[in-house]
Amino acid sequence: MGTLRMIDIAVNFTDGMFKGIYHGKQYHATDIAAVLSRAWSAGVQRIIVTGGSLEESREALKIAETDGRFFCTVGVHPTRCKEFEESGDPETYFQALLSLTKEGIEKGKVVAVGECGLDYDRLHFCPADIQKKYFEKQFELAHATKLPMFLHMRAAAEDFCDIVERNKQRFCAGVVHSFTDSAEDRDRLLAFSNLYIGINGCSLKTAENLDVVKGIPIERLMIETDSPYCEIKNTHAGIKFVKSVWASKKKEKHDEQCIVKGRNEPCLVRQVLEVLAGCKGIADINQLSETLYHNTCRVFFPQDLDSAADALLAGSQVLDEKN
């Protein structure tokens, strides 16, 4: 498949679908080994496993410890911020997040605070005032640990940007992942010099989405699958740029050699790269993947940035096949 280097910044390996469980029903055995084999063959070098609550972040850290190429986040998703209060003591819950984050940093595994932010499309899970309160609280986590932030913004740009503006001295950098909002909201985010935008299949559904993505400078982008969700579907505007395809079968006819129809997985981050190249009219997909790889390392793996990578960003020769 060629030697592209990619980092999938958002994989929900804590989701039951990777254990063969869909809507509470077991359809097939755990197949993470086959999923990973496809990912590594496609050019994925690292995966960041997403944590969205205290318990899920614990599980994400456990998963991250099973492979040298796995890393994870610790934080509370906006739709689950009620957990702070339902725990009986929000401060104790916060301290547990903090100690888990520190433990994960010591293990070399936790690379970001998150997934946190605001989601006004799903207020039925958690009201806006509670979302705002505990989004702001998680900047304390970033400040205390010096970690970047893994952020979520859905239909909430104004409040989200207000909170980021108030706290911009308290975090070094961050990515607003799974971006699906308007050109205006994109520009609001890009006005923060330390924010990047993460795109996946959900960012590439419509012609308007593609136009919005086209306007994100390459040096401010990262790519992700957000698997097992957010695949690029045949009905999506971006599909016309997809070049790499994998054989697929329905979950009822599971075959480890095939991807499961309707379940996204990390190898498909390559399709996100292809759509990005297509909609931006970029012929050199290798150069594009190197720039995105570099962006991702700058935020989440700064210790890996060497002069070769910096020279590359300046358009110099590709020196790097060390991995």
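The values are calculated or read from the model by the stated rules, or taken from the named source; none is laboratory data. Since the model is a prediction, treat every value here as computed from it, not as a measurement. With ideal geometry, Cβ positions are generated from the backbone for all residues, glycine too; neighbour counts draw on all protein chains shown. To get the accessible areas, we keep the full protein, side chains included, count just its heavy atoms, and leave off ligands, DNA and RNA. Shrake-Rupley method; radii C 1.70, N 1.55, O 1.52, S 1.80 Å.
The equivalent ellipsoid that matches the C-alpha gyration tensor of the range 141-222 spans semi-axes of 23, 13, 11 angstrom, in descending order. Taking 0.36 nm per residue of separation and subtracting the Cα-Cα distance, full extension of the segment from Ser248 to Lys62 would add 64.1 nm. Pairwise Cα distances in the range 130-280 exceed 25 Å in 36 percent of cases. Taking square-rooted eigenvalues a ≥ b ≥ c of the alpha carbon gyration tensor, is the range 3-78 rounded, prolate or oblate, where a/c under 1.5 means rounded and, failing that, a/b exceeding b/c means prolate? Judged from the Cα gyration tensor, the range 3-78 comes out oblate (a/c at least 1.5, b/c at or above a/b).
Ignoring aspartates and glutamates fewer than eight residues from Lys133 along the same chain, the ones with Cα atoms less than 18 angstrom from its Cα are Glu83, Glu85, Glu86, Asp89, Glu91, Glu115, Asp119, Asp121, Glu158, Asp159, Asp162, Glu165. Counting 0.36 nm for each residue step from Asn194 to Cys258 and taking away their Cα separation leaves a gain of 19.1 nm. Would you work out what percent of the accessible area of the chain, with all protein chains in place, is carbon or sulfur (probe 1.4 Å)? Result for the chain: 50 percent of the exposed heavy-atom area is carbon or sulfur. Scanning the chain for cysteines with no neighbouring cysteine C-beta under 4.7 angstrom from their C-beta gives Cys72, Cys81, Cys116, Cys126, Cys161, Cys172, Cys258, Cys267, Cys279, Cys297. Let me make sure I get this right: for the chain, a, b and c are the square roots of the gyration tensor eigenvalues over alpha carbons, sorted descending. Under 1.5 in a/c it's rounded, otherwise prolate if a/b > b/c, else oblate. Which is it? Judged from the Cα gyration tensor, the chain comes out rounded (a/c under 1.5).
Taking 0.36 nm per residue of sequence separation and removing the Cα-Cα distance, the Ala29/Leu98 pair yields an extension gain of 21.4 nm. Neighbours of Thr180, meaning other residues whose beta-carbon lies under 12 angstrom from its beta-carbon, give a summed charge of -3 when Lys and Arg score +1 and Asp and Glu score -1.
Packing, as the average of other Cβ atoms within 10 Å across residues, places the peptides 4-12, 36-44 in the order 4-12, 36-44, highest first. Once C-alpha pairs closer than 8 Å and six or more residues apart are averaged by separation and normalised to the residue number of the range 6-321, the relative contact order reads 17 percent.
Applying 1/(1 + (r/R0)^6) with R0 = 22 Å to the Cβ-Cβ distance of Leu123 and Glu85 gives a FRET efficiency near 0.90. For Gly198, list long-range residues whose amide hydrogen, built 1.01 Å from N in the peptide plane, is under 5 Å from its own amide hydrogen. Close amide H contacts, sequence-distant or interchain: Val176, His177, Ser178, Phe179, Met222. Measuring between alpha carbons in the structure, the pairs from Lys25/Lys109; Lys107/Lys250; Lys62/Lys168; Lys214/Lys250; Lys109/Lys168; Lys214/Lys243 lying more than 26 angstrom apart are Lys25/Lys109; Lys107/Lys250; Lys62/Lys168; Lys214/Lys250. Antiparallel beta bridges, as assigned by DSSP with both residues in the chain, represent about 5 percent of the total such bridges.
All other residues whose Cβ lies under 11 angstrom from that of Lys251 are scored, Lys and Arg at +1 and Asp and Glu at -1, for a net of +3. The range 52-127 and the range 205-240 have Cα centres lying 26 Å from one another. The residues of the chain expose, per residue, 42 Å² of accessible area to a 1.4 Å probe.
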